[in-house]
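What follows is one structure encoded as structure tokens, with my remarks underneath.
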Amino acid sequence: MPEGSTPSIRRIMLFYLGRRGAIPLFTHDLLRAAARVPEVMVSACVSAHNELLADINALDGDTLVLPTFSGGFGAATNLWRAPALRAALGRHISRFQPEVVVELMPHVWSPLFEPVFAAARVPRMCLVHDVVPHSGDITAMAQEWLLSSALRAQRVLTLSGFARTQLLRSGRVKGDRLVTLFHPDFAMANAPFPQRREKGLSVMFLGRVLPYKGLDLLVGAVEHVRALGVEIQLGVFGEGPLGALESRLRRLGAEVRNQWLSQAEIADGLGRYEVVAAPHREITQSGVVAHAFGAGRPVIATPVGALPEQVENGVTGLIAAQCTAESLAACIVRFATDEGLLQRCAEAVRVGAAGRSMEVFLARLAQEGSISSLGAQRSDDRLGDGRFVEAVHAQEIASGGRDQRTRR
């Protein structure tokens, strides 16, 4: 920290009751980042069914584990647990004394715990990942319930300007309660960049196979590129019905892992492909890009949602001119035939990692948690000063971005 600017410690509590997906990793990586930001003390409340619970517990942090439910009708049949769980949360808050709670994603049970935070007079900031439900995503059925809970928070956080604009246009939240952050990288295994193919390119699709994610556009693009005589190796990693795409993928000789993947399996896949594709038809912002950048991989993306915010065209990847197979094919050909471009983009991803780190993201959370609208700011507290975030950023640059020794 700059001389004379040492801030008092800010106590933040992370709250997430979901079971699987990207947010367990988000929680884990933020808890690990806290060890590198001594000005911030972090606790967490997670579900006993969190798929990364063992990894979270291995961090030896101050974590409250609540027995929630494992899926299906559990949200209703386990409501009898609510009084005991609320009491346990209240005791944890009383002991840890957080100055702000950051809910990393609203959960179907979130409204049950809002009164606990209110009674303890602990302000809540909530991350809104999606404003509009995605086509074919079963969680869309609970979208209004989840969003309403998030919008009752004292401060609403977004990971992109696109999400902020959607919320403002909805008219359901005022701009002075909205804070736009960024999507930090997920720490993937530090796999070396795959050995460059003599010709062609290896491209990876990562994520659940849902209509809005555009796997069919990517398959069409690869078919088009193959017809031009350019060699492409395609990998498809993620669960969901492939339908008619299954036979097309077979003809392309694609590697297909059509199942739910652990973070270790995702990291292994990323280590074998040169480029990650995000061929979405629509999206808010993409955790796939955060996985790709965390592994040092450039991204090919469609020009929808916040993808052009996350991927700088020609710098950290390529943005297709249109949301079509032909436009994606043009991007694939560029990377396949211009090795210098591919290397420059990979290097830009690596160089920019410090600014996209979980440490900087945590510093931003601390900064937002210090503002007077969330409570009385202490006279010795400089965490609300932008210099604090800048100092953490500089520290990350000096240390080479992410600490490679601690990555999985």
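The values are calculated or read from the model by the stated rules, or taken from the named source; none is laboratory data. Only a predicted model underlies this, so the values are computations on that prediction, with no experimental measurement involved. Note: ideal-geometry Cβ built from the backbone for every residue, glycine included; neighbour counts use all protein chains shown.
A quick yes/no check of all residues on (1) modelled with pLDDT of 95 or more; (2) under 19 Å from the mean Cα position of the chain (by Cα); (3) assigned by TED's automatic domain parsing to the domain that holds residue 363:
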{"residue": "16", "(1), (2), (3)": "yes, yes, yes"}
{"residue": "39", "(1), (2), (3)": "no, no, yes"}
{"residue": "55", "(1), (2), (3)": "no, yes, yes"}
{"residue": "62", "(1), (2), (3)": "no, no, yes"}
What is the number of the single condition among (1) buried (at least 20 other Cβ atoms within 10 Å of the Cβ); (2) hydrophobic (A, V, I, L, M, F, W, C); (3) not in a loop (DSSP other than H, G, I, E, B) that residue 122 does not meet?
(3)
Kindly check whether there is at least one residue in the stretch 283-303 that is free of Cβ contacts under 8 Å to residues at least 40 places away in the same chain and buried (at least 20 other Cβ atoms within 10 Å of the Cβ).
yes
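Out of all the residues in the stretch 225-240, which are crowded, with 19+ Cβ neighbours inside 10 Å and outside any loop (DSSP other than H, G, I, E, B)? Working first, answer last.
So the first thing to find is which residues in the stretch 225-240 are crowded, with 19+ Cβ neighbours inside 10 Å, and the list is 225, 232-238.
Those that are crowded, with 19+ Cβ neighbours inside 10 Å and outside any loop (DSSP other than H, G, I, E, B): 225, 232, 233, 234, 235, 236, 237.
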For the stretch 278-375, which helices (runs of 4 or more DSSP H) that fit wholly inside it have 2 or more residues that are more than 30 Å from residue 216 (Cβ to Cβ) and more than 20 Å from the chain's Cα centre (by Cα)?
339-351
